[in-house]
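One structure is given here, and the rest of the page talks about it.
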Amino acid sequence: MDIERVISEMTLDEKVNLLVGIGTPGEFGNPPSRVRGAAGETREIKRLGIPSTVHADGPAGLRIEKNATAFPVAVMIASTWNREIARKVGEAMGEEAKEYGVDFLLAPGMNIHRNPLCGRNFEYYSEDPLLTGEMAASFVEGVQSQGVGACLKHFAGNEQETNRYTVDTIISERALREIYLKGFEIAVKKAKPWTVMSAYNKLNGYHASQNEWLLTKVLKEEWGFEGFVMSDWYAGDSAFQQIKAGNDLIMPGESQQRYPERKRDIEEIKEALEKGLITEEIINERVRRILKVLTNTISFKKYSHSDKPDFEKNAKISYEAASEGVVLLKNERVLPLYKGAKIAVFGTGQIETFKGGLGSGNTNPKYVVNILEGFRKRGLKIDEELAAKYEEKVKEMREEKYKPTEAFGTWLFPKLPEDWFDEKGLEEIAERNDTGIVVITRSSSEGIDRALGEGHPLPYANWVKDKEALSQVIPYSYYYLTEDEKNLIKKVSEAFRTKGKKVVALLNVGGVIEIASWRDLVDGILLLWQPGQEAGYVAADVCSGKINPSGKLPITFPMDYKDVPSWTYPGEPKENPERVVYEEDIYVGYRYYDTFGKEVAYEFGFGLSYTEFKYRDLRIEKKDETLQVEFEVKNVGNYPGKEVAQVYIKAPKGKIDKPYQELKGFEKTHLLNPGESQKIKIEIPLKSLASFDGKDWLLERGKYLVRIGSSSRDIKLTEIIEIEEENKYSVFD
Ligand code: BGC
């Protein structure tokens with residue numbers, strides 16, 4: 001298609017129509033999408049041969065009415081630290097989108113884990129921008145290899161759900177450039193995403209979707225983004241301000257359906273044009289960007305989709321991704337379980353296993369293998385009497401006192417009680433088994449943040465009318481374990497340990513929970529995350545040793561919530577936050593805990609293995625504006641396994657304050673057999689060591705300490721590199 005010719009032939013109405021989606025399909029009396037359950041569509045312009053295109057969520061798998069594969073949530077993908085896995089998962093989701101006729105997959109989510117209570121952290125990768133950007137870039141490459149457009153979201157500063165449509169997020173330019181925008185920058189430059197989604201929140205006074213500095217200056221001019229920007233669904237408060245600021249497409253469009261006091265988006269834009277508030281050149285530019293992308297879509301190319309993605313292949317990819325993302329947090333000679341060990345599984349989560357989180361990041365797979373079923377099918381010797389009791393009791397509770405509630409969204413299940421054993425019953429169970437496993441589950445959703453725990457207030461969510469229902473379901477989101485859960489762990493621990501037997505906690509969660517206060521009660525802790533539809537198989541295979549855990553934490557688990565540096569979360573006034581100032585600035589996650597000498601429960605980059613690795617032969621060479629880092633990792637234990645080698649750099653004291661250290665590179669080994677070693681080569685651009693000085697990126701002179709570690713606090717090799725001369729890099733570089 002000759003885009004310039006088409007633009008010259010388009011009427012103003014046609015142009016404006018292309019900038020505004022059709023409204024939410026299936027809501028407000030709108031017809032359903034041609035791919036039922038999709039989140040939105042662009043408008044068809046028949047006369048010019050421009051088809052409508054279909055947009056569907058999301059980060060853990062395609063979310064449409066029909067079944068699609070449920071993959072591990074993003075924080076678990078990040079825990080793999082394996083770019084190849086992220087690419088494969090993207091490819092699989094892209095394939096499903098393509099075979100269902102979806103043009104754009106609304107993923108990946110890339111906001112930073114600023115605070116553990118953000119209800120959408122499960123959809124986001126990490127507290128670190130490099131890990132975020134690298135995983136996202138590979139994921140995007142995978143999606144787009146299928147001819148489906150990916151969408152980096154939510155650009156930017158959308159680190160909480162509390163008052164997400166209106167809250168004004170105040171972030172210094174340095175923290176933006178180094179932390180909150182950095183991941184987006186990496187993914188834009190590396191993977192050339194077709195689209196970016198602007199966020200709901202305000203950023204430094206302007207809605208992200210109406211923020212010209214963000215969308216036009218930084219994203220398009222400085223980074224050279226060539227795709228188009230779409231708004232988050234019903235974001236912002238003015239259609240023409242969005243178009244003016246550089247938000248090319250308004251989604252889902254027809255904002256007045258949700259906000260009746262508003263004009264139709266299309267009318268508002270045309271009026272602004274008449275009044276001279278925007279120009280036709282601006283509109284042409286937005287149309288040009290959209291058309292450039294649309295001409296590559298499957299709808300434009302008339303791809304005849306099969307409606308039959310390769311579920312079998314994708315289930316294997318989902319399993320493989322999850323099997324690399326499980327993080328072993330503690331292991332006092334309990335895992336892997338020895339062959340034939342008899343195990344007693346506790347916790348309702350063995351039946352109601354959470355594949356993922358809720359909201360637009362939810363999925364609708366054909367099946368979810370729960371933990372109990374996974375253990376059974378893999379032939380683990382579980383206590384069937386106990387299992388039957390759980391099956392019966394969970395069913396009964398859901399039919400009677402803990403019925404699903406219709407209160408809001410899809411988040412419908414009141415939290416089930418966990419502590420229903422007496423001492424004698426437990427003693428018998430401990431007597432006839434070798435190991436106790438306690439499953440703890442957590443879930444959260446878009447639209448609402450998590451709560452801290454019992455005795456703490458509910459998250460502020462004025463749109464939820466039924467507070468009673470909210471208070472029943474919210475415990476699934478708690479940061480702290482409930483008394484009831486702690487009691488279960490305590491009692492199981494006592495019963496098993498008095499008999500010299502061991503206990504493992506299996507954490508089926510989407511984000512940080514408090515662990516330090518109860519971890520001594522158990523011998524092993526496995527962080528299973530929300531691992532997608534193959535959950536039970538993954539849990540069983542890690543326990544049996546078929547999978548050797550190789551995941552590492554993409555976020556810090558602090559000792560306690562009070563240690564978390566984002567003390568201003570969720571903003572002021574507390575009751576109904578209007579403004580949240582990121583006062584901790586660049587000191588997010590480990591950048592804070594390390595710089596200010598805080599003890600943590602589990603540090604960034606941490607994760608145990610069933611084997612051990614040795615690091616040796618570090619060699620670093622400065623070459624063409626990069627550091628060439630080389631070293632060897634050897635498996636010196638008894639199991640085949642993979643290791644994630646991490647490169648942290650500690651900058652010298654200079655003009656600009658720096659965190660104690662920052663992640664500058666990482667690589668996962670292939671599966672190393674006992675005795676096998678692998679040479680790791682990591683290239684670090686010198687520019688990535690620079691700090692933002694208010695105008696440019698400043699690389700200060702001095703001695704830089706390169707620290708190679710198995711985690712951010714388990715450093716194996718170090719070397720000093722001297723940068724002799726200060727250097728500046730422009731934001732356009
Ligand atoms: C979410 C987006 C999502 C969109 C479409 C919004 O509420 O914030 O992440 O892509 O809905 O479902």
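The values are calculated or read from the model by the stated rules, or taken from the named source; none is laboratory data. Every value quoted in this text rests on a predicted model; they were computed, and no experiment measured them. FYI the Cβ positions are ideal-geometry reconstructions off the backbone, even for glycines, and counts take in every protein chain you see. With ligands, DNA and RNA removed, areas are computed over all heavy atoms of the protein, side chains included. Shrake-Rupley method; radii C 1.70, N 1.55, O 1.52, S 1.80 Å.
Below 8 Å between Cα atoms, with a sequence gap of 6+, how large is the relative contact order for segment 12-64 in percent?
About 29 percent, as a whole number.
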Inset, instruction - Send over a whole-number figure in Å² for the accessible area per residue of the chain, probe 1.4 Å. - result: 37
Legend entry - the chain, relative contact order [Cα under 8 Å, separation at least 6], %: 14
Inset, instruction - State the percentage of accessible surface on segment 613-729 attributable to carbon and sulfur atoms; use a 1.4 Å probe and exclude ligands, DNA and RNA. - result: 43
Inset, instruction - Work out how much length Thr166 to Arg333 would gain on full extension: take 0.36 nm times their residue separation and subtract the Cα-Cα distance, in nm to one decimal. - result: 55.1 nm
Legend entry - the chain - Debye-derived log10 I(q)/I(0), Cα point model, q = 0.06, 0.09, 0.10 Å⁻¹: -0.35, -0.79, -0.98
Inset, instruction - Mind pulling the angle between the C-alpha long axis of helix 265-274 and the longest principal axis of the chain? Nearest 10 degrees, somewhere in 0 to 90. - result: 40
Legend entry - Compactness of segment 613-729 - radius of gyration and Dmax, Cα, Å: 15.5, 52
Inset, instruction - Just grab the label-to-label distance for Trp213 and Glu226, each label 7 Å out from Cα along the Cβ direction, in nm (one decimal). - result: 2.9
Legend entry - Simple spin-label estimate for Glu271 and Asp733 in nanometres, 7 Å along Cα-Cβ: 4.7
Legend entry - Estimated FRET transfer efficiency (Arg376, Glu676; beta-carbon r; R0 35 Å; 0.05): 0.55
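Using 0.36 nm per residue, how much length does the chain from Ser517 to Thr595 gain when fully extended, once their Cα-Cα distance is taken away?
Length difference between fully extended and current span is 25.7 nm.
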Legend entry - Solvent exposure, largest accessible area first (probe 1.4 Å, DNA, RNA and ligands not counted), of Glu572, Glu9: Glu572, Glu9
Inset, instruction - Enumerate by residue number the chymotrypsin sites (Phe, Trp or Tyr not before Pro) in segment 498-592 meeting two conditions: DSSP loop (anything except H, G, I, E, B), and at most 15 other Cβ atoms within 10 Å of the site's Cβ. - result: Trp567
Legend entry - Per-residue [θ]222 nm for the chain (sum of -39500 (n - 2.57) over DSSP H runs n ≥ 4, rounded to 500): -7500 deg cm²/dmol
Inset, instruction - For helix 129-144, report the angle its Cα long axis makes with the longest principal axis of the Cα atoms of the chain; keep it between 0 and 90° and round to the nearest 10°. - result: 70
Inset, instruction - Place the peptides 608-614, 78-84 in order of packing, highest mean first, counting for every residue the other Cβ atoms within 10 Å and averaging per peptide. - result: 78-84, 608-614
Legend entry - FRET efficiency, 1/(1 + (r/R0)^6) with R0 30 Å, evaluated for Asn30 and Ser304 via beta carbons: 0.70
Inset, instruction - First select every other residue whose beta carbon is under 11 angstrom from the beta carbon of Thr24; then total the charges, Lys and Arg +1, Asp and Glu -1. - result: -2
Legend entry - Stokes-Einstein diffusion coefficient of segment 1-100, Kirkwood radius over Cα pairs, 37 °C, 0.692 mPa s, in µm²/s: 207
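Averaging sequence separations of C-alpha pairs under 8 Å and six or more residues apart, then dividing by the length of segment 613-729, give the relative contact order as a whole percent.
28
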Legend entry - Spacing of the two label points (7 Å from each Cα toward its C-beta) at Glu44 and Asp693, in nm: 5.7
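When the chain is fully extended, how far beyond the present Cα-Cα distance does Asn284 get from Glu572, taking 0.36 nm per residue of separation?
My answer for the length gained is 99.6 nm.
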Legend entry - Shape call, segment 322-559: gyration tensor on alpha carbons, a/c limit 1.5: prolate
Inset, instruction - Could you rank the peptides 389-402, 16-29, 322-335 by their average count of other C-beta atoms within 10 Å per residue, with the highest value first? - result: 322-335, 16-29, 389-402
Legend entry - Between 0 and 90°, nearest 10: helix 384-399 axis offset from the chain longest Cα axis: 40
Inset, instruction - Could you tell me the accessible area of Thr363 in Å² (1.4 Å probe, neighbours in place), rounded to the nearest ten? - result: 20
Legend entry - Sulfur and carbon atoms: percent of accessible area, segment 3-294 [1.4 Å]: 48
Inset, instruction - Can you tell me which of 601-607, 248-254, 306-312 comes out highest on packing, and rank the rest after it, using the mean Cβ neighbours within 10 Å? - result: 248-254, 601-607, 306-312
